[in-house]
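Structure first, then comments.
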Amino acid sequence: MNNKTLKVMHIITGLNDGGAESALFHLCIHNPQNQHVVVSLMDEGKYGPLLVATGVEMHCLRMPQGKVTMGGLGRLWRLLRLSKPDAVQTWMYHANLIGGVIARLAGVRNIAWGIHHSNLTPGTVKRSTIWIAKLSAALSGWVPARIVSCSQQAVQTHVGIGYSAYKFRLVPNGYDLARLSPDAALGLRLRTALSLPAAVSLIGMVARFDPQKDHFNLLAALGQLKRQCQPFHCLLVGTGIDAANATLADWLRQNDLTDQVTLLGRRNDIDAVMNALNIHVLSSLGEAFPNVLAEAMACGTPCVTTDVGDAAYIVGDTGWVVPAQDSVALACGIQSALAALADTAAWQARQQDARHRIEDHFTIERVVGMYDDVWREGLTKA
């Protein structure tokens, strides 16, 4: 990175839980060399107050979810004209389209779109999202100078529907390894608080309740393990993962898992959760670059994952990868991991390998440098 300070305006759909939202937050707080301004099309969400607390300038357009208002568009145009950013980084489809077009109309040419989705299969993604993604493909030759994707699979998907291929830059997500690290005592404290014995084989998944995460697939796999008399306990963590979720409660009853699964809802101590688990499972039917795998591995927790997005690349040879939407294969993967857990020495080596893979490929410092390169490259070509 060179020494010139850049003013970067980030435009994002919203700031609640999600991989892109988390990536934006960590990028801003770990890149003090540049000045960051964050604009949410909706409200502050989870990350807005955290950004403000670190000194990041924050604006909320307060447009209703799924709707565009003329007042919101006008305010965004005025912010761009007054701020005069060196670069505009947009995050996710709605912000790519709205933020990108308004930025161009406001005179900004150094625009980088952000792609954080690799699955556009009808029935698993809203029709409006697919429509916006395809409309953006038609505009990709004009609006952005660069398109940043966190996932190679996402690049292939979007080039396949017409996005301008030469504009893509692959930038994976990055992680703060000082915050996410192996800590047995931290994990034990959470187990104790949840009245879970230290010796129990504890698996879990951190993911909001969403069709893409396919909790039904996970619970079907766990039901098979229970019928095979495989001992385990499972923690489910994320927005919508609580006793008020009638659909989830019904799936638990169908698979006779009420006593084997604990619902923890949304939590802020993900480092403690990952350290408490022996194995993290991801059952998704679609992802781009699933953060939870890297977060678990940074804490030394091996993973079982479906083969979605860049999940297999993240895990490498440290975990288990199975086909998506196949509960039998997922059950076999979890069973293989639980069997491997019995060999203490080999398991400790696997834990170290998982941590080292994140250290070698996915540090936040490396990713900050890659984003900085994108913004400066766009500045020279704008």
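The values are calculated or read from the model by the stated rules, or taken from the named source; none is laboratory data. Just so it is clear, the model here is predicted, and its values are computed rather than measured. Heads up, the Cβs are rebuilt from the backbone with ideal geometry, glycines too, and the neighbour counts pull from every protein chain shown. We work out accessible area using only protein heavy atoms, side chains counted, and drop any ligands, DNA or RNA first. Shrake-Rupley method; radii C 1.70, N 1.55, O 1.52, S 1.80 Å.
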Subject >> Net charge of neighbours whose Cβ lies under 14 Å from the Cβ of Ile132, counting Lys and Arg as +1 and Asp and Glu as -1 >> reply: +4
Original post:
How much net charge surrounds Thr69 when only the other residues with a Cβ under 15 Å from the Cβ of Thr69 are counted, with Lys and Arg +1 and Asp and Glu -1?
Top reply: +3
**OP:** Evaluate the stretch 130-253: find the radius of gyration of its Cα atoms, find its Kirkwood radius, and give the ratio Rg to Rh.
**Re:** 1.11
Subject >> Per principal axis, descending, Cα span of the stretch 70-132 in whole Å >> reply: 41, 24, 12
Original post:
Taking the Cα atoms only, what angle lies between the long axis of helix 364-381 and the longest principal axis of the chain, rounded to 10 degrees?
Top reply: 20 degrees
Original post:
For Val322, which sequence-distant residues (separation of 5 or more, or a different chain) have an amide H within less than 5 Å of its own amide H, given hydrogens modelled in the peptide plane?
Top reply: Thr305, Thr306, Asp307
**OP:** Identify which of His26, His116, His280 has the largest mean-square fluctuation in a Gaussian network model of the chain, with springs joining Cα atoms closer than 10 Å.
**Re:** His26
Original post:
Taking only Cα atoms, what is the 0 to 90° angle, nearest 10, from helix 70-83's long axis to the longest principal axis of the chain?
Top reply: 70 degrees
Subject >> Cut-off 19 Å, label 7 Å out along Cα→Cβ of Thr247, residues of the stretch 268-306 by amide N >> reply: 282-287
Original post:
Which pairs break 22 Å Cα to Cα here: Lys46/Lys67; Lys7/Lys126; Lys67/Lys134; Lys67/Lys167; Lys46/Lys134?
Top reply: Lys7/Lys126; Lys67/Lys167; Lys46/Lys134
**OP:** Mind telling me which of Gly162, Gly286, Gly107 comes out most flexible in a GNM of the chain, alpha-carbon contacts under 10 Å?
**Re:** Gly107
Original post:
Taking the Cβ of Arg266 as the center, what net charge do the other residues with Cβ under 10 Å away carry, scoring Lys and Arg +1 and Asp and Glu -1?
Top reply: +1
Original post:
Normalized C-alpha radius of gyration of the chain, against 2.2 N^0.38 Å?
Top reply: 1.00
Original post:
How big is the equivalent ellipsoid of the stretch 277-329 along its three axes, where each semi-axis is √(5λ) from the Cα gyration tensor, reported in whole Å from largest to smallest?
Top reply: 16, 12, 9
**OP:** May I ask which residue of Trp113, Met63, Leu51 lies farthest towards the positive end of the charge dipole of the chain, with charges of +1 (Lys, Arg) and -1 (Asp, Glu) on Cβ and the Cα centre as origin?
**Re:** Met63
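Quick check: from the Cα gyration tensor, does the stretch 202-336 come out rounded (a/c under 1.5), prolate or oblate?
Rounded, since a/c falls under 1.5.
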Original post:
Which value in deg cm²/dmol, rounded to the nearest 500, describes the helix-derived mean residue ellipticity at 222 nm for the chain, given -39,500 (n - 2.57) per DSSP H run of n ≥ 4 and division by the residue count?
Top reply: -13500 deg cm²/dmol
Subject >> GNM flexibility winner over the chain from Ala165, Ala331, Ala145 (Cα, springs under 10 Å) >> reply: Ala165
Subject >> Rounded percent of accessible protein surface that carbon and sulfur make up, the stretch 221-264, 1.4 Å probe >> reply: 50 percent
**OP:** Using only the alpha carbons of the stretch 188-257, determine the length spanned along each of the three principal axes and report them from longest to shortest in whole angstroms.
**Re:** 32, 29, 19
Original post:
If you line up the long axis of helix 19-29 against the longest principal axis of the chain, both from Cα atoms, how many degrees apart are they, to the nearest 10?
Top reply: 60 degrees
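Before I look further, what does the chain give for accessible area per residue, probe 1.4 Å, in whole square angstrom?
That works out to 41 Å² for each residue.
Would you kindly calculate the translational diffusion coefficient of the stretch 1-130, applying Stokes-Einstein with the Kirkwood radius from alpha carbon pairs, for 20 °C and a viscosity of 1.002 mPa s, and quote it in µm² s⁻¹ without decimals?
143 µm²/s
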Original post:
How high is the relative contact order of the chain, in percent, counting Cα pairs under 8 Å that sit 6 or more residues apart?
Top reply: 16 percent
